[in-house]
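Working notes for the structure below.
The values are calculated or read from the model by the stated rules, or taken from the named source; none is laboratory data. Predicted model, so just to flag it, every value in this text is computed and none were measured. Methodologically, a virtual Cβ is constructed for each residue, glycine included, from the backbone with ideal geometry; neighbour enumeration extends over all protein chains shown.
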Amino acid sequence: MSGTTGEHPNLAALRRQVASGEIDTIVVAFTDMQGRLMGKRVNGPAFLDGVIDHGVHICTYLLGTDMEMNTPDGFELMNWETGYGDWIVDPDWGTLRVIPWLERTALVLGDVIDDQHAAIPISPRTILRRQVDAAAAMGMAIKAGSEFEYYLLTDTYEAAVRKGFVGLERFGHYNEDYHLLQGTKAEPVHGALRRLMHRAGVPIEFSKGEAAAGQHEVNIRYDHVLESADRSVIFKHGAKEIAWLDGMGLTFMAKPDHAWTGSSGHLHMSAWGLDDDRSLFFADGASPYGMSDTMRWFLGGQMALSRELAIFFAPFINSYKRFAVASWAPVNVVWGRDNRTTGFRVVGNGPALHIECRFPGGDMNAYLTYAAFIGAGLWGVRNRVEPPAEWKGNGYVATGCDRMPRALYEAIRALEESVAAPEILGADVVAHYLNAARVEQEAFDRVVHPWERERYLERG
């Protein structure tokens with residue numbers, strides 16, 4: 001177990017904080033398939049007396065539920081026949097941090113393991129770890145960062161339930177993209193979010209109004225990919241807590257309303273040498289734009305597998321409502337230099353040259369999203385997959401290219417037919433997340449929606 005040999009500096013500091021009474025509660029957390037933080041709150045002395053040596057036990061079902069915490073059939077690793085036993089959350093002490101928006105509370109993220117200390121292969125953080133290891137075996141360290149868009153609501157989550165999620169009120173009443181006056185009005189929330197996140201070890205570099213009333217964007221500092229993914233999941237969870245504590249709601253839903261601009265989770269990624277801080281994406285004098293062979297092939301793999309791996313970065317029914325022409329969300333699998341209409345945007349100069357993927361929405365699970373795009377990129381490098389020619393101009397009208405799936409069921413079919421996905425992620429991972437997507441689709445298909453009654457009740 002982590003922490004049994006040697007003492008991580010973070011753990012040593014925690015011992016002092018618990019002894020002084022500065023910290024009395026430690027949250028031990030991991031992400032479920034949907035990207036939500038799950039776990040337990042542990043009393044300080046109990047944490048030091050047991051968790052540091054043995055981890056925290058959780059029910060296996062937590063990696064086999066739908067959004068409503070139902071336990072659907074079809075999951076091999078957890079079901080009624082297996083008895084829904086226990087797994088263990090093994091703390092990663094490098095993630096331990098004080099949570100400044102909660103009283104006397106620290107948080108540590110962990111990896112899900114069994115009682116033999118074997119990693120659970122379908123756990124999102126494990127899936128990403130394996131892609132990090134695969135990159136290292138090819139001499140690469142992957143760095144990444146995300147931009148997250150979200151809506152700030154004057155309705156709390158509880159108020160939204162009482163309203164039946166209809167007529168939700170946004171904090172703002174006009175398009176506030178870069179608009180400093182509108183941003184000032186919400187600065188008590190967003191300013192607190194930036195400052196508190198920084199104190200929690202989640203450095204927010206920028207925040208700004210985004211392209212719709214009540215919509216905001218933050219940029220989380222670029223770093224090694226596992227660290228960036230950890231920051232992303234902490235940010236999403238913490239932002240909701242901070243808003244709620246201030247009497248508001250905050251949502252990362254990809255498309256909360258058909259009339260609202262969708263919320264993105266743009267992913268920036270590059271590859272670096274293992275033993276030096278040398279960009280593997282930039283080659284001085286290379287064409288086009290200084291892109292090295294490695295970068296071209298990495299991009300080629302990502303583009304070739306975008307449709308097949310879509311459910312790993314667009315996991316929900318609603319995710320696909322965001323992919324709409326002229327909506328600031330891309331629809332076509334094309335790339336361009338500093339072109340926001342393309343699915344892949346090549347940006348930066350010199351060693352800062354990198355790939356921005358604009359397909360993920362704010363609803364993404366960062367571990368799965370990062371893993372999918374690393375895996376696709378490495379596959380491209382191994383197979384020397386050249387990307388198609390740059391699309392210059394409006395990427396929404398691009399022809400002769402793949403289009404992102406129009407709905408979850410189309411993404412399911414693309415993954416079912418994929419040869420590369422099991423090779424990259426493992427057949428067990430693909431089967432598990434395919435089942436999760438099918439469950440989501442079937443739940444949606446069973447419901448008659450208000451749009452249908454309005455359209456067909458009288459007129460049909």
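Quick one: in the range 42-87, of everything that is of a type in the set (S, T, N, Q) and surrounded by 19 or more Cβ atoms within 10 Å (Cβ to Cβ), which residue is farthest from ILE26 (Cα to Cα)? The qualifying residue farthest from ILE26 (Cα to Cα) is THR65.
Any residue in the range 326-341 that is without any contact (Cβ under 8 Å) to a residue 12 or more places away in the chain and either touching a strand residue (DSSP E or B) at 6+ places or on another chain (Cβ under 6 Å) or surrounded by fewer than 21 Cβ atoms within 10 Å (Cβ to Cβ) (or both)?
The initial filter retains those residues of the range 326-341 that are without any contact (Cβ under 8 Å) to a residue 12 or more places away in the chain, namely 338.
From what's left, either touching a strand residue (DSSP E or B) at 6+ places or on another chain (Cβ under 6 Å) or surrounded by fewer than 21 Cβ atoms within 10 Å (Cβ to Cβ) (or both): 338.
Checked the range 326-341: at least one residue is without any contact (Cβ under 8 Å) to a residue 12 or more places away in the chain and either touching a strand residue (DSSP E or B) at 6+ places or on another chain (Cβ under 6 Å) or surrounded by fewer than 21 Cβ atoms within 10 Å (Cβ to Cβ) (or both).
Among the residues making up the range 358-373, those that are assigned to a loop (DSSP other than H, G, I, E, B) and hydrophobic (A, V, I, L, M, F, W, C) are PHE359, MET364.
Within the range 252-300, the set of residues being over 24 Å from LEU226 (Cα atoms), out of contact with any Gly (no Cβ under 6 Å at 6 or more places or on another chain) and surrounded by 22 or more Cβ atoms within 10 Å (Cβ to Cβ) comprises PRO256, THR261, GLY262. Taken over the range 233-248, the residue count meeting the criterion of being surrounded by 22 or more Cβ atoms within 10 Å (Cβ to Cβ) and over 15 Å from ALA192 (Cβ atoms) is 3.
What residue, of LEU309, LEU280, LEU299, LEU267, is within 17 Å of the chain's Cα centre (by Cα), under 22 Å from TYR222 (Cα atoms) and at pLDDT 95 or above? Outline the logic, then answer.
Numbers: LEU309 fails: under 22 Å from TYR222 (Cα atoms); LEU280 fails: within 17 Å of the chain's Cα centre (by Cα); LEU299 fails: within 17 Å of the chain's Cα centre (by Cα).
Selected residue: LEU267, the only one of LEU309, LEU280, LEU299, LEU267 that is within 17 Å of the chain's Cα centre (by Cα), under 22 Å from TYR222 (Cα atoms) and at pLDDT 95 or above.
If the condition is being more than 27 Å from MET33 (Cβ to Cβ) and among the small types (Gly, Ala, Ser), then the range 427-460 contributes only GLY460.
Here's the yes/no breakdown for (1) assigned to a helix (DSSP H, G or I); (2) without any contact (Cβ under 8 Å) to a residue 60 or more places away in the chain; (3) out of contact with any Leu (no Cβ under 7 Å at 6 or more places or on another chain); (4) in the same structural domain as SER287 (by TED's automatic domain parsing):
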{"residue": "GLY375", "(1), (2), (3), (4)": "yes, no, no, yes"}
{"residue": "TRP379", "(1), (2), (3), (4)": "yes, no, no, yes"}
{"residue": "TYR396", "(1), (2), (3), (4)": "yes, no, yes, yes"}
{"residue": "PRO405", "(1), (2), (3), (4)": "no, no, yes, yes"}
{"residue": "ARG455", "(1), (2), (3), (4)": "yes, yes, yes, no"}
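For the range 344-357, give me each residue that is in a loop (DSSP other than H, G, I, E, B) and out of contact with any strand residue (DSSP E or B) (no Cβ under 6 Å at 6 or more places or on another chain). Within the range 344-357, just ASN349 meets the criteria.
Number of residues in the range 191-232 that are of a type outside the set (S, T, N, Q), within 23 Å of GLY262 (Cα to Cα) and either in the same structural domain as THR105 (by TED's automatic domain parsing) or buried (at least 23 other Cβ atoms within 10 Å of the Cβ) (or both): the value is 9. Can you find a residue in the range 227-250 that is of a type in the set (Lys, Arg) and touching a His at 6+ places or on another chain (Cβ under 8 Å)? Looking through the range 227-250, none of the residues is of a type in the set (Lys, Arg) and touching a His at 6+ places or on another chain (Cβ under 8 Å).
Contact map, the range 7-19: residues that are farther than 16 Å from ALA46 by Cα paired with residues that are of a type outside the set (A, V, I, L, M) and surrounded by 15 or more Cβ atoms within 10 Å (Cβ to Cβ), Cβ distance under 6 Å, separation 6+ or inter-chain. Pairs shown: HIS8/TRP93; ASN10/TRP93. The strands (runs of 3 or more DSSP E) found wholly in the range 24-63 and carrying at least 2 residues that are touching a strand residue (DSSP E or B) at 6+ places or on another chain (Cβ under 7 Å) and of a type in the set (Lys, Arg) occupy 37-43.
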